[in-house]
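The values are calculated or read from the model by the stated rules, or taken from the named source; none is laboratory data. All of these numbers come straight from a predicted model, not from anything done at the bench. Quick reminder, even Gly has a Cβ in these numbers, built from the backbone with ideal geometry, and neighbours come from all protein chains shown.
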Amino acid sequence: MKHAIYYKSKKIVINTLIHIFLISVAITCLYPLLWMISSSLKTQDMIFKDISLIPHQFRLENYVLAWREGGFGRNFFNSIVYTVAVVFGIVIISSMAAYAFSRLRFIGSKFIFIIFMAAMMIPIPGSFVALYVLLNKLHLRNTPIG
């Protein structure tokens, strides 16, 4: 009986410490996001004068300025078009590849599967230089398609 109570209390203490750690990590990650949103609702001179997260006066002029003068609307539209095209292409190609690997047996299927898996393990920033060189050689740099 003593052992059961000991292990139960030990488990409660460990779970409490884990939860305290996870909550502190969550607060550490969320605070910069909350500060950024709060700062976007303040005037430029009030960002560092008023240190509270909740602004005294909400200013939406920053968002209007970003849409009109910062070109945010065009960039947002380009991001949506690019995202939809890439997701659509990935779903189509991945579906066909998954069907081929699961149903068809052909020479080199394991090797091609390993190549697909290895390509997924390359970090995205690792392909930036190669992508830049490719776009530059195709003269697609600074174009809507590129």
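Once region 104-146 is narrowed to residues that are among the charged types (D, E, K, R), over 23 Å from residue 83 (Cα atoms) and at pLDDT below 90, the residue that is surrounded by the most Cβ atoms within 10 Å (Cβ to Cβ) is 110. Within region 91-103, being aliphatic (A, V, I, L, M) and under 26 Å from residue 80 (Cα atoms) holds for 91, 92, 93, 96, 97. Being assigned to a helix (DSSP H, G or I), more than 26 Å from the chain's Cα centre (by Cα) and surrounded by fewer than 11 Cβ atoms within 10 Å (Cβ to Cβ), is that true of even one residue in region 70-93? Within region 70-93, not a single residue is assigned to a helix (DSSP H, G or I), more than 26 Å from the chain's Cα centre (by Cα) and surrounded by fewer than 11 Cβ atoms within 10 Å (Cβ to Cβ). Would you confirm whether any residue within region 30-47 is assigned to a helix (DSSP H, G or I), surrounded by 12 or more Cβ atoms within 10 Å (Cβ to Cβ) and at pLDDT below 85? The answer is yes, given that some residue of region 30-47 is assigned to a helix (DSSP H, G or I), surrounded by 12 or more Cβ atoms within 10 Å (Cβ to Cβ) and at pLDDT below 85. What are the pairs, 6+ residues apart or on separate chains, where a residue within region 49-61 that is farther than 20 Å from residue 32 by Cβ has its Cβ under 9 Å from a residue that is among the acidic types (Asp, Glu) and in a loop (DSSP other than H, G, I, E, B)? If the second residue must be among the acidic types (Asp, Glu) and in a loop (DSSP other than H, G, I, E, B), the pairs left are 56/50.
Within this structure, residue 102 passes the test of being of a type in the set (Gly, Ala, Ser) and over 27 Å from the mean Cα position of the chain (by Cα). One residue is enough: does region 66-87 have a residue meeting the conditions polar (S, T, N, Q), in contact (Cβ under 8 Å) with a residue 12 or more places away in the chain and either touching a Cys at 6+ places or on another chain (Cβ under 6 Å) or under 30 Å from residue 30 (Cβ atoms) (or both)? Yes, that holds for at least one residue. Test residue 101 against the criterion of being more than 22 Å from residue 142 (Cβ to Cβ) and touching a Ser or Thr at 6+ places or on another chain (Cβ under 9 Å), and give yes or no. Judged against the criteria, residue 101 is a match. Scanning region 54-68 for residues that are part of a helix (DSSP H, G or I) and either touching a strand residue (DSSP E or B) at 6+ places or on another chain (Cβ under 6 Å) or not aromatic (Phe, Trp, Tyr) (or both) returns 61, 62, 64, 65, 66, 68.
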